[in-house]
Amino acid sequence: MTNHEPGPPTSTPTPTPPEGLDAHLVLDRPPFHLDVTLTATPGDVVALLGPNGAGKTTALRALAGLTPLTGGHLRLDGIDLERTPPESRPVGVVFQDYLLFPHLTALDNVAFGPRCQGATRTGARTQAAAWLTRMGLTDHATTKPRKLSGGQAQRVALARALATHPRLLLLDEPLAALDARTRLEVRAQLRRHLAEFEAVAVLVTHDPLDAMVLADRLVVVEHGQVVQQGTPADIARHPRTDYIAQLVGLNLYRGQADGHTVQLDAGPTITTTEDLSGPVFVAFPPSAVTLYRDRPTTSSARNLWRCEVAGLETHGDQIRADLTGELPLAADLTTVAAAELDLHPGAETWATVKATQTHAYPA
């Protein structure tokens, strides 16, 4: 009989914690209730969009630890953060008003984070100088916040947040304080810096252009709930609420499809090119609408509705007409066309849309 020496005990390898953000943010503050789920992997930029009062900033404050959760969970790189105080979280925040220390130079503002993490004064300032160089602010190292432009202050605030090497970067309306011209330039710079960021970034904004340019994924929040999420292109093409449709500039309706005909829940029918059945959304841009003062007899458009002008406003280099009647909708036309049609509030008009310019998709 052969005796076998027992081998060394086998051990199961400890699984590596998942990297990135895994959050279910539940917060009860009657009458407001927040229930938002957010997940992201390192390198992702997620934009939270929504109307005022939707819960965007509340969600951001919960991620930062500034507003305690009443339920759900918050994990970052597999570590529970719910009981971790804000100052101990690997989270960087860029506030809407930047909140730079007014008595410190740009260099010392950026060095503040590394100093709090234990770096020596010299080491922290060396790191800060490197970040200011990356932001193109080397010449402003000794400048105090009151003498910085809006764009420069925004970049100092971003450098201060990144200097702590956060695993989660939170940006609360980071471009809202900038004028239109500066916003365009800083948006492009911010896009480049976020593309280089190797952890998770969450951006809160009400500006759809900021979201579309800066984010990989959009999460739309209304009344404290996620109503839609996806890539910017997907959300722009398939809006699912009136708020999102207005955000991306589309007329949006819901109804029941039977082949190429959609009977709207409230209103007439719309003819589409898609062959569908059951609950659907139908969308088309205001630019797809053609207006006539008299019922057209030569138009080839399959969709024709009698409307009334409720209002007119300048929209870019065009006029946007807000129409009520058989089908409430928005129509874009040139200032010349608006003048030729003698459009004014209360004027009757006929609106047409070709079936090829509509887009129907399952609800």
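If you count, for each residue, the other Cβ atoms within 10 Å and average over each peptide, how do 82-89, 60-67 line up from highest to lowest? Write down the numbers at each step before the final one.
Numbers: 82-89: 11.6, 60-67: 20.2.
Sorting 82-89, 60-67 by mean packing, highest first, produces 60-67, 82-89.
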Taking only C-alpha positions in the range 118-222, Rg and Dmax in angstrom work out to 14.4, 47
For S299 and E274, extending 7 Å from Cα along the Cα-Cβ vector and measuring point to point gives, in nm, a value of 2.3 nm
Percent of all Cα-Cα pairs per 5 Å bin for the range 286-362, counting from 0 up to the last occupied bin, reads 3, 17, 29, 26, 16, 7, 2, 0
Computed ³J(HN,Hα) along the range 237-251: with the Karplus parameters 6.51/-1.76/1.60, θ = phi - 60°, integer Hz and x for glycine or proline, the list is 8, 10, x, 10, 9, 4, 4, 5, 4, 5, 4, 9, x, 10, 7
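What Kirkwood radius, in Å to one decimal, follows from the Cα pairs of the range 111-161? If you can, show how the numbers build up before the last one.
On the way: mean 1/r = 0.0905 Å⁻¹.
Evaluated over the range 111-161, this radius sits at 11.0 Å.
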If one compares the long axis through the Cα atoms of helix 106-116 with the longest principal axis of the Cα atoms of the chain, the angle in degrees, nearest 10, works out at 60 degrees
Fewest to most Cβ atoms within 10 Å: L148, L218 sort as L148, L218
Taking only the alpha carbons of the chain, the radius of gyration and the largest Cα-Cα distance, Dmax, both in angstrom, are 26.5, 108
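Go through 21-28, 292-299 and give me the packing order, highest mean Cβ count within 10 Å leading.
So the peptides 21-28, 292-299, ranked by packing, come out 21-28, 292-299.
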Between D317 and L99, the FRET efficiency computed from the C-beta separation at R0 = 45 Å comes out, to the nearest 0.05, as 0.75
Computed about the Cα centre, the charge dipole of the range 286-362 from +1 Lys/Arg and -1 Asp/Glu charges at the Cβ has a magnitude in debye, to the nearest 20, of 360 debye
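Rg(Cα) of the range 35-106 divided by 2.2 N^0.38 Å?
On the way: Rg = 13.9 Å, N = 72, 2.2 N^0.38 = 11.2 Å.
The reported ratio for this selection is 1.24.
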With 0.36 nm assigned to each residue of separation and the Cα-Cα distance removed, T335 to R237 gains 32.5 nm
Checking H73, H165, H315 against a Gaussian network model of the chain (alpha-carbon springs below 10 Å), the top fluctuating residue turns out to be H315
Note on the range 21-237: C-alpha Rg/Rh, Kirkwood Rh, two decimals, gives 0.96
Rounded to one decimal in nm, the spacing of the 7 Å Cα→Cβ label points at L66 and Q246 is 2.7 nm
At the level of C-alpha centres, the distance separating the range 308-363 and the range 243-287, in angstrom, is 16 Å
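Mind checking the range 173-281 for chymotrypsin sites (Phe, Trp or Tyr not before Pro) that DSSP puts in a loop (not H, G, I, E or B) and that have at most 12 other Cβ atoms within 10 Å? Before the final figure, lay out each step's value.
On the way: sites: F197, Y243, Y253, F281; in loops: F197.
Loop-located and lightly packed - none at all.
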Summing -39500 (n - 2.57) over every DSSP H run of at least 4 residues in the chain and dividing by its residue count gives a helix-only mean residue ellipticity at 222 nm, to the nearest 500 deg cm²/dmol, of -7500 deg cm²/dmol
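Sort 201-208, 52-59 by packing, meaning the average of other beta carbons within 10 Å per residue, with the highest value first.
201-208, 52-59
Taken together, the values in this text are just the output of simple stated rules run on the coordinates, not laboratory data. Only a predicted model underlies this, so the values are computations on that prediction, with no experimental measurement involved. When we count neighbours, we look across all protein chains shown, and the Cβ atoms used for this are built from the backbone with ideal geometry, even at glycine.
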